[in-house]
Amino acid sequence: MSYIFRLLVLVTLASISVAGSSYETELFVDSETGNKEYRLKLDGFHFGTLLADTEGRVIFRPHPDQDDVNGFGTSWFINPFLSGGDARMGSIDSVSASGTQVDILLTGAVEGAASASFGTWELKGEFQYDSAHERVTGFGLLTIKLNTMLSLAGADLNLERLSSNYLRNVPLQTGEVGDTGDMEKALLRYSSEAAPKEWLPPILPAHFPQELSYDLDIEVVGQNNVVDTLALGEPFQIQIARKPTLRLRFTSTDSQMIAGMVWDSSKGQDFSADNVGINHLITKESTTDMSFAFTYFFDSSVIQRVGRVRAAVQVILPLLLD
């Protein structure tokens, strides 16, 4: 998450029109950092951003909300990496608008400790936008080829990182003190039929349930971010924003996963920090495999609007009555 605004230079525009609708991609380059940003659009609406920074982090930021320009929240850091490494060393090989979706091809190295490479990965998939239901969806295949076993590397394999922001006991624009941020909670499902298991960051700041599954669905539930940045000492007030829910499911026929969820409470009042990290991961004890294949299903949708309306009324009404 960043509140630093820089000049973005439009480089290319590709589009295709089919049956009355038009998918298009726009490539921008940050003139200061060199980061590349692909904006994905349907009929002119910007429903998501695929970003690659100069260190090779490849990030997808969904934006399903047609009424809230600030409706970006939880982000998908796509790069697989080993514990001790980071989600870097990747690249966007291609982004193209086709008849019914935007197709993507991403590749990279699997980073481990000391920024060493422990193998390669490829993600091939697609994104679509349902304008009637304000929903971003995606589907594809992630393949990973390691050059050593996880036990020999002494590390677990993270398939990705879902990065978000959870704020604890902060001043709110409602005049109260409470919790807010980009997410409310996370829900885990170990199959399509399973009842969800809830994770609340302040209750279990570091949570690694040891249930192994070939099918792991993680849903990061969005919320209305009503933090009062003026009361936190900033010279500006950010707007109340409706942050979307992000859901990512990986399935495999060969490799079992667990979930890892961490909230950095030391940054629990930092509205600009990605203080939550959530992963699908393969533990080093659970496999001797060096090649992995996963099907992924992505979904991001708008939360109910009533909360934001109520929050806005709570802020504005006292001003009208004053």
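A short reminder: the numbers here are calculations on the coordinates, not readings from a lab. Nothing here was measured: the structure is a model prediction, and the numbers come from that model. Cβ coordinates were reconstructed from backbone atoms using ideal geometry, including for glycine residues, and neighbour counts include every protein chain displayed.
Assorted remarks:
- Rounded to the nearest 10 degrees, the inclination of helix 306-321 to the longest alpha-carbon principal axis of the chain is 30 degrees.
- Taking other residues whose beta carbon is less than 10 angstrom from the beta carbon of Q256, and scoring Lys, Arg as +1 and Asp, Glu as -1, yields -3.
- Magnitude of the charge dipole for the chain, about its Cα centre and with charges confined to Cβ atoms of Lys, Arg (+1) and Asp, Glu (-1), is about 80 debye.
- Between F81, V102, W121, the Cα set farthest toward the positive side of the dipole of the range 80-137 (charges on each charged residue's Cβ, about the Cα centre) is that of F81.
- Full-extension gain in nm, K197 to T253, via 0.36 nm per residue minus C-alpha separation: 17.9 nm
- Cα convex hull volume per residue for the chain (Å³): 148
- Cβ-based net charge around S115, under 11 Å, with every Lys or Arg adding one and every Asp or Glu removing one: -2
- Theoretical ellipticity at 222 nm over the chain - DSSP helices of four or more residues, -39500 (n - 2.57) apiece, nearest 500: -2000 deg cm²/dmol
- Excluding the site residues themselves, the longest part of the chain lacking any chymotrypsin sites (Phe, Trp or Tyr not before Pro) in a DSSP loop with at most 15 other Cβ atoms within 10 Å is 6-213.
- Nonlocal amide H pairs with R88, under 5 Å, H built at 1.01 Å: E111
- Legend: residue pairs K41/K124; K185/K243; K36/K243; K243/K267; K41/K243; K124/K185, Cα-Cα distance threshold 21 Å; pairs beyond threshold, K36/K243; K124/K185.
- Charge tally around F297: other residues with Cβ under 11 Å, Lys/Arg +1 each, Asp/Glu -1 each, net -1.
- Among the GluC sites (Glu not before Pro) found in the range 189-237, those both in a DSSP coil and sparsely packed, with 15 or fewer other Cβ atoms within 10 Å of their Cβ, are E193, E211.
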